[in-house]
Amino acid sequence: KLNVRRISCEEMSDERENDLIGFVHVTGAWEGSLAIQCPNILVRRAAAVMFNLDPGKVSVREVRGVLGELAHMLVGNLKVILPRPSYISFPMVTEWGNSRPWTSGCRSVCQITFTCEGYPFRVNLLEQVKEGRSKRGSIL
């Protein structure tokens, strides 16, 4: 079991070299992405709980799979309030420094920060923008 609680956004710095980012893109009537920024060690612990393994025995593939699946589950729950039709992509996972291309042309519409096992992580809903405006209209 992992205990999660919400914290203020200021309690997590923006630049975190050892973090992983899990993305799921949304296309259709609304376009954007959901991203989870999480320390590698916390994703490894979550994977260990999910697979009932020692954290040291969790593979890189399992770590990435768990973060991608968490992003996919979150955006799947969000999809019910999105304008229709909305389509969600397969999840993608990358290291923090490689995440910039995935978020270019987007603006954050909702960001929530949590802590789990003493490690902060962030969930960010990003809306695709075009020429300084929302591409299809804001959902929030």
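The values are calculated or read from the model by the stated rules, or taken from the named source; none is laboratory data. Since the structure is predicted, the reported quantities are computational estimates derived from the model, not experimental observations. With ideal geometry, Cβ positions are generated from the backbone for all residues, glycine too; neighbour counts draw on all protein chains shown. Keep in mind that these areas ignore ligands, DNA and RNA; they rest on the heavy atoms of the full protein, side chains included. Shrake-Rupley method; radii C 1.70, N 1.55, O 1.52, S 1.80 Å.
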Study note, to complete from the structure: Flagged in segment 44-68 as part of a loop (DSSP other than H, G, I, E, B) and among the small types (Gly, Ala, Ser), in numbering order, are Ser59
Practice item. Could you please let me know if Arg84 is part of a helix (DSSP H, G or I), among the basic types (Lys, Arg) and modelled with pLDDT of 90 or more? Key: no
Review point. Does segment 99-121 contain at least one residue that is at negative phi, open to solvent by 60 Å² or more (accessible area, probe 1.4 Å), assigned to a loop (DSSP other than H, G, I, E, B) and at pLDDT below 95?
Key: yes
Study note, to complete from the structure: Looking across segment 30-61 at residues that are within 16 Å of Asn124 (Cβ to Cβ) and small (Gly, Ala, Ser), the single one that is surrounded by the fewest Cβ atoms within 10 Å (Cβ to Cβ) is Ser33
Study note, to complete from the structure: Lys1 vs (1) touching a residue at least 24 places away in the same chain (Cβ under 8 Å); (2) part of a helix (DSSP H, G or I); (3) surrounded by fewer than 15 Cβ atoms within 10 Å (Cβ to Cβ); (4) not polar (S, T, N, Q): all pass except (2)
